[in-house]
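Here the structure is laid out as C-alpha cells; the discussion comes afterwards.
The values are calculated or read from the model by the stated rules, or taken from the named source; none is laboratory data. Quick caveat: nothing in here was measured; it's all calculated off a predicted structure. Glycine also receives a Cβ, built like all others from the backbone with ideal geometry; neighbour counts cover every protein chain displayed.
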Amino acid sequence: MLKIENLHATVGGSEILRGISLEIPNGEVHAIMGPNGSGKSTLSYVLSGRDGYEVTQGTAMLNGTNLLDLEVDERAAAGVFLAFQYPHEIPGVATFIFLRHALNSVREARGQEELTTPDFMRLVKGKAAELGVKDEMLKRPLNVGFSGGEKKRMEILQMAIMEPSLCILDETDSGLDIDALKTVSEGVNALRSPDRSMLVITHYQRLLDYIVPDKVHVLSRGQIRHSGGKELALELEKSGYAEFVGEDAA
Amino acid sequence: MTAVTNIQKTDVELGLAQQFDDTRANLPGNDWVDTLRENAIRSFAKLGLPHRRVEAWKYTDLRSMLKEAKTPADSDLNSVSDADLYQALGADLHGLGAHHIVFVDGIYDEENSFIIGDEAGLVHMTSLAETLDNPPEWFMQNFNKVNPREDDHVVALNTAFMRDGAVIEIVKNAKLKRPVHLISVSSSASGQAITERHFIHVEEGATATILESYVHLCAPDTQRNSVTELSLEKSARVNHVKFQLEGVKAAHLSNWMVSIRESANYRGFQFTIGAKVSRNTINVNFDGSHSEADISGVALLRDEQHADTTMDIVHGVPHTLSRELFKTVVDDRGRAIFQGKLTVKPDAQKTDANQMAHGMLLSDTAEFDAKPELEIHADDVVCGHGATSGELDEDMMFYMRQRGMSMDTVQTLLILAFVGESFDLIEDKEIRAAFIAMAQAWLGGKTGE
C-alpha cells in the first residue's frame, strides 16, 4: 500500500507539489487526472526519485518504507515501477540483456537468487507472447526504432517481469491507437493483484474505459482538489476541469 | 624549415644524436642499411622532436613530453617464459591459437616464437635484424618505401635506431585461418628506448589477420617507437589489429604505414588502454582502385593518460572507399585526441570516404579534442565526417536505474554499448571478445596497471 502524506516538492526552485496526501491500498487502482502543468508527471518522478525533484516536506511510504530515503534503484527494488510516458531508447543494449540486468538487480536487492538463463528466457518469452511482443524485438537494442505502441508494450512487459508492488503509469495512453491501447490495457489489467497498488496518470478518460480505476483524483496546482469514484472521470470528460478545481481553490 | 633548425636543440635531441653516434656501430645492417640510418638521423636533426607548432603534433608536444633520451635497449635478450607472456597478454589473447612472433624489449625471441605447422608454408618470417644484415634485393627495393613519410620525426628516429622486428610475407592466395600475433613485451625494470620495425607484405589474393600486441611485465618509463610497414597486393584482405597495454609510465609512439593495391580490403583496428603518453599514427594510401579501408578503434583512458590518434588517409586513385569509426572514453584527467586527415587527389573520382570520432567524458577534467581535416581535389566524391564529445545521458541513466540497476551497472552497460559499436567492426570473433572482456575489466577498475 502506498501512503503519501503532505508531500511538497520543488523543481528548479519553484514549488510544484504543494501538499499531496493520497492512499492507495493494495489491490486498488487509482487514477490521477488533471490539466497540463498540474504536477502529474512531477508526482511520478518524485516517487521514483529522479534528480532535480526536491522534496521539501512530507512522506511517501510504500508498505512501511519511506521511499524518499532511498536511491532510484533502491526504490525500484522496494517495488516502485514507473512506466514512462516516453520510454528511452538504449542503443547498443539488447532488450534481453537489459531485462536480465534489470530483473537480476532487483532480485539481488530483494534477497532472491538470480534466475538461470533458461528460466529467464522462459519467463520473458512467455510474458512477451501474452503482450504480442515478438522474439525478434527482444534481440534488438531496447526501444531503438520501436514504434510508440511497441515501446509502451515493452514498458508493460518490463512491469510484468519485475513484479513491482507499486505501478505508476505515466500517460501510458499517449501515442497509442485503439488496438495498441487495448493490448496494453489488457496487459495492465492482468497485473492487477491484491498485493499491488497502481497509480494511473492520464489526461483523458479514454484509458480509464479499459483500465477501470477504483478511485479518481483531480490534481491541480500541486494539490488534489477532488476525489471520487470511476464515474468522476466521465464527469470530467463532459464538463472539463474548471468545475472541479475551482478558480479560488489555491 | 630554417626556423625549425634555428631553434636551440633540447637536451633530449642532443642526447639522441649522441646515442646514435654511440650505438650506430652495434646496430644491425650492412652498408645500405647504415646509409638509410645516416639519412634518417640527418633528417631528424633537421626536424627535431615534434612540438605543438607543428600542426600534426599540435596536441602532443613531444618536445615537452619526452624529458630524457632513454638508453636504447641492448641486444641481449631478456629471458621470458610462455607463462610470462600469458600473464602479460591475458588468457584470451594468449589463447587465440595464433602464430606467435615474440619480441622482448624489442629483440626477437626465437624461443617463444612459432609458426604453427598447418600454416607454416603460408607465412614466411625472418627477424628484421637478420634481414638488415643481409638484405635481399626485393627488400631493398621496398623497405622504407611503403607509404613513405619522410617528414615524420618519429619515423626518422625509428629508421635511425631500428634494432629488430619482423619481416613477414604472406604468400600468394594463402587464406590464413590463424592470426599472426606479433607480441612485443617489455620486461626490463628500468626504462629504456625500444625501437621496433615490422615489414609485412601480403601477396595477391592472400587473406590474413595480423595482431600486434604491446604489453608489459614491468612498468617503468619505457619509450617505445614502433613502425609497421604493411603492403596489401591486389585482392589481398587483411585484418590488422593493435592492442596497446603498455605500462602506466610508458611512452608509446606507433606508426602504421599502409599501402592498399587494387581490389584489396584493409580493416584496421587499434585498442588503446595503456601507456602514459601514446601517439598512434595511421597512414593509409590507396594505390589501386576498387579497394577499401575500414579503420576503427577504441581508447579507454584514465588518470593522466594522453592518447593521440592521428590518421592520414590518401585517396590517390578512383573508386575507393574508406570508413573510420573511433570511440574514446576518458575519465579523471585523461586526454584523448583524434586528428583525421582525408585527402582526395584530383584523379580520385568516385571516392567514398566517411570519418567519425566520438568521445565520452566521465569526469569534468577529462578532455577530448577532435580535428577533422578534409582536402578534396576531385568533384565526383562523397566525403563526410563527424565528431562528438559528450557525457552519459542523464535521462537514460534515470530510466535504467528506475529498472533497478545500480549506477555501476548502468555506466558499464552504457559505456560498453558506446564502444561496442567500434568493437563490432573487428572481424575475428575471439579477438573481439577478448577486447570486450578487457573493456569490461577496465570499467571495473581492474585494468590499467
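Residue-level check: of (1) within 20 Å of B:MET397 (Cβ to Cβ); (2) free of Cβ contacts under 8 Å to residues at least 12 places away in the same chain, A:VAL93 misses just (2). Residues that are surrounded by fewer than 24 Cβ atoms within 10 Å (Cβ to Cβ) and of a type in the set (Asp, Glu) do not occur anywhere in the stretch B:211-220.
Might you let me know whether the stretch A:149-159 holds any residue that is surrounded by fewer than 21 Cβ atoms within 10 Å (Cβ to Cβ), part of a helix (DSSP H, G or I), touching a helix residue (DSSP H, G or I) at 6+ places or on another chain (Cβ under 9 Å) and free of Cβ contacts under 8 Å to residues at least 60 places away in the same chain? Scanning the stretch A:149-159, I find at least one residue that is surrounded by fewer than 21 Cβ atoms within 10 Å (Cβ to Cβ), part of a helix (DSSP H, G or I), touching a helix residue (DSSP H, G or I) at 6+ places or on another chain (Cβ under 9 Å) and free of Cβ contacts under 8 Å to residues at least 60 places away in the same chain, so the answer is yes. So which residues in the stretch A:193-228 are among the small types (Gly, Ala, Ser) and either within 26 Å of A:GLY58 (Cβ to Cβ) or at pLDDT below 90 (or both), if there are any at all? Passing the criteria: A:SER197, A:SER220, A:GLY222, A:SER227, A:GLY228.
Determine whether A:LEU123 is away from chain B (no Cβ under 14 Å), part of a helix (DSSP H, G or I) and in contact with a Ser or Thr (Cβ under 6 Å, 6 or more places away or on another chain). For A:LEU123, the condition - away from chain B (no Cβ under 14 Å), part of a helix (DSSP H, G or I) and in contact with a Ser or Thr (Cβ under 6 Å, 6 or more places away or on another chain) - is not met. Of the residues making up the stretch B:429-446, those that are in contact (Cβ under 8 Å) with a residue 24 or more places away in the chain and crowded, with 18+ Cβ neighbours inside 10 Å are B:ILE431, B:ALA434, B:PHE435, B:MET438, B:ALA439, B:TRP442, B:LEU443. So if I check each of B:ILE415, B:ILE313, B:ILE376, B:ILE337, which one is within 14 Å of chain A (Cβ to nearest Cβ), in contact (Cβ under 8 Å) with a residue 12 or more places away in the chain and of a type outside the set (Phe, Trp, Tyr)? Matching residue, one of B:ILE415, B:ILE313, B:ILE376, B:ILE337: B:ILE415. Taken over the stretch A:42-64, the criterion of being surrounded by fewer than 16 Cβ atoms within 10 Å (Cβ to Cβ) and of a type outside the set (Asp, Glu) is satisfied by A:GLY52, A:THR56, A:GLN57, A:THR59, A:MET61, A:ASN63, A:GLY64. The set of residues from the stretch B:343-374 being surrounded by 22 or more Cβ atoms within 10 Å (Cβ to Cβ), closer than 15 Å to B:HIS306 by Cβ and touching an Asp or Glu at 6+ places or on another chain (Cβ under 9 Å) comprises B:GLY359, B:ALA366. Only one of the numbered conditions (1) surrounded by fewer than 22 Cβ atoms within 10 Å (Cβ to Cβ); (2) of a type in the set (Lys, Arg); (3) more than 14 Å from every other protein chain (Cβ to nearest Cβ) is violated by A:ARG110, and that is (3).
Would you confirm, using the coordinates I've provided, whether B:GLY29 is under 19 Å from B:HIS153 (Cβ atoms) and either assigned to a loop (DSSP other than H, G, I, E, B) or touching a residue at least 12 places away in the same chain (Cβ under 8 Å) (or both)? So B:GLY29 fails the test.
Those residues that are outside any loop (DSSP other than H, G, I, E, B) and either more than 25 Å from the chain's Cα centre (by Cα) or surrounded by 13 or more Cβ atoms within 10 Å (Cβ to Cβ) (or both), I need them from the stretch B:385-400; list them, please. Let's see the steps before the verdict.
Kept after step one, since they are outside any loop (DSSP other than H, G, I, E, B), are these residues of the stretch B:385-400: B:385-390, B:394-400.
Within the stretch B:385-400, B:HIS385, B:ALA387, B:SER389, B:GLY390, B:GLU394, B:ASP395, B:MET396, B:MET397, B:PHE398, B:TYR399, B:MET400 qualify.
Restricting attention to the stretch B:356-373, which residues are in contact with a Ser or Thr (Cβ under 8 Å, 6 or more places away or on another chain) and without any contact (Cβ under 8 Å) to a residue 60 or more places away in the chain? Of everything in the stretch B:356-373, those that are in contact with a Ser or Thr (Cβ under 8 Å, 6 or more places away or on another chain) and without any contact (Cβ under 8 Å) to a residue 60 or more places away in the chain turn out to be B:ALA357, B:GLY359, B:MET360, B:LEU361, B:PHE368, B:ALA370.
Residues that are in contact (Cβ under 8 Å) with a residue 24 or more places away in the chain, hydrophobic (A, V, I, L, M, F, W, C) and farther than 20 Å from A:GLY37 by Cα within the stretch A:170-216 comprise A:LEU176, A:ALA180, A:LEU181, A:VAL184, A:VAL188, A:ALA190, A:LEU191, A:MET198, A:LEU208, A:ILE211, A:VAL212, listed in sequence order.
Could you run through the stretch B:421-449 and say how many residues are part of a helix (DSSP H, G or I) and closer than 12 Å to B:PHE271 by Cα? Of the residues in the stretch B:421-449, 9 are part of a helix (DSSP H, G or I) and closer than 12 Å to B:PHE271 by Cα.
Would a scan of the stretch A:204-222 turn up a residue that is in a helix (DSSP H, G or I), surrounded by 16 or more Cβ atoms within 10 Å (Cβ to Cβ) and in contact with a Phe, Trp or Tyr (Cβ under 9 Å, 6 or more places away or on another chain)?
So the first thing to find is which residues in the stretch A:204-222 are in a helix (DSSP H, G or I), and the list is A:206-210.
Narrowing the set further to residues that are surrounded by 16 or more Cβ atoms within 10 Å (Cβ to Cβ) leaves A:207-208, A:210.
The next check asks that each one be in contact with a Phe, Trp or Tyr (Cβ under 9 Å, 6 or more places away or on another chain); those that pass are none.
No - not one qualifying residue is present in the stretch A:204-222.
Pick out the one residue from B:ALA40, B:ALA73 that is in contact with a strand residue (DSSP E or B) (Cβ under 7 Å, 6 or more places away or on another chain) and either touching a residue at least 60 places away in the same chain (Cβ under 8 Å) or under 20 Å from B:HIS252 (Cβ atoms) (or both). On inspection, the qualifying residue turns out to be B:ALA73.
Check B:LEU425, B:LEU361 and return the single one that is at pLDDT 95 or above and closer than 25 Å to B:TRP57 by Cβ. Reasoning before the result, please.
Working: B:LEU425 fails: closer than 25 Å to B:TRP57 by Cβ.
The unique qualifying residue is B:LEU361.
Has the stretch B:227-239 got at least one residue that is assigned to a loop (DSSP other than H, G, I, E, B) and farther than 18 Å from B:ASP287 by Cα? Among the residues of the stretch B:227-239, not one is assigned to a loop (DSSP other than H, G, I, E, B) and farther than 18 Å from B:ASP287 by Cα, which makes the answer no. Just one of the numbered conditions (1) in contact (Cβ under 8 Å) with a residue 60 or more places away in the chain; (2) assigned to a strand (DSSP E or B); (3) charged (D, E, K, R) is not true of B:ARG323: (1).
The single condition among (1) of a type in the set (A, V, I, L, M); (2) without any contact (Cβ under 8 Å) to a residue 24 or more places away in the chain; (3) within 14 Å of another protein chain (Cβ to nearest Cβ); (4) not in a loop (DSSP other than H, G, I, E, B) that A:LEU115 does not meet is (4). Restricting the stretch B:379-411 to residues that are β-branched (Val, Ile, Thr) and facing chain A (nearest Cβ under 9 Å), which is farthest from B:ASP347 (Cα to Cα)? Step by step, filter the stretch B:379-411, then rank; the result is B:THR409. Considering the stretch A:79-100, the residues that are at the interface with chain B (Cβ under 9 Å from one of its Cβ atoms) and more than 20 Å from the chain's Cα centre (by Cα) include one that is surrounded by the fewest Cβ atoms within 10 Å (Cβ to Cβ), namely A:PRO91.
The residues in the stretch B:134-147 that are at pLDDT 95 or above and within 13 Å of B:ARG197 (Cα to Cα) can be counted, and the count is 1. Restricting the stretch A:43-78 to residues that are within 14 Å of chain B (Cβ to nearest Cβ) and among the hydroxyl-bearing types (Ser, Thr, Tyr) leaves a set whose member that is farthest from A:LEU22 (Cα to Cα) is A:TYR53.
Has the stretch B:357-364 got any residue that is within 13 Å of chain A (Cβ to nearest Cβ), over 30 Å from A:GLU114 (Cβ atoms) and touching a Lys or Arg at 6+ places or on another chain (Cβ under 7 Å)? Even if it seems obvious, please write down each step before you answer.
Of the residues in the stretch B:357-364, the ones within 13 Å of chain A (Cβ to nearest Cβ) are B:358, B:360.
Narrowing the set further to residues that are over 30 Å from A:GLU114 (Cβ atoms) leaves B:358.
Restricting the remaining residues to those that are touching a Lys or Arg at 6+ places or on another chain (Cβ under 7 Å) gives B:358.
Looking for residues that are within 13 Å of chain A (Cβ to nearest Cβ), over 30 Å from A:GLU114 (Cβ atoms) and touching a Lys or Arg at 6+ places or on another chain (Cβ under 7 Å), one finds at least one in the stretch B:357-364, hence yes.
It is to be established whether one or more residues within the stretch B:96-107 are more than 26 Å from B:MET438 (Cβ to Cβ) and either among the hydroxyl-bearing types (Ser, Thr, Tyr) or in contact (Cβ under 8 Å) with a residue 60 or more places away in the chain (or both). Before the answer, list the steps.
If we filter the stretch B:96-107 for residues that are more than 26 Å from B:MET438 (Cβ to Cβ), which is where we start, we get B:107.
Within this subset, residues satisfying the condition of being either among the hydroxyl-bearing types (Ser, Thr, Tyr) or in contact (Cβ under 8 Å) with a residue 60 or more places away in the chain (or both) are none.
Taking every residue of the stretch B:96-107 in turn, none turns out to be more than 26 Å from B:MET438 (Cβ to Cβ) and either among the hydroxyl-bearing types (Ser, Thr, Tyr) or in contact (Cβ under 8 Å) with a residue 60 or more places away in the chain (or both).
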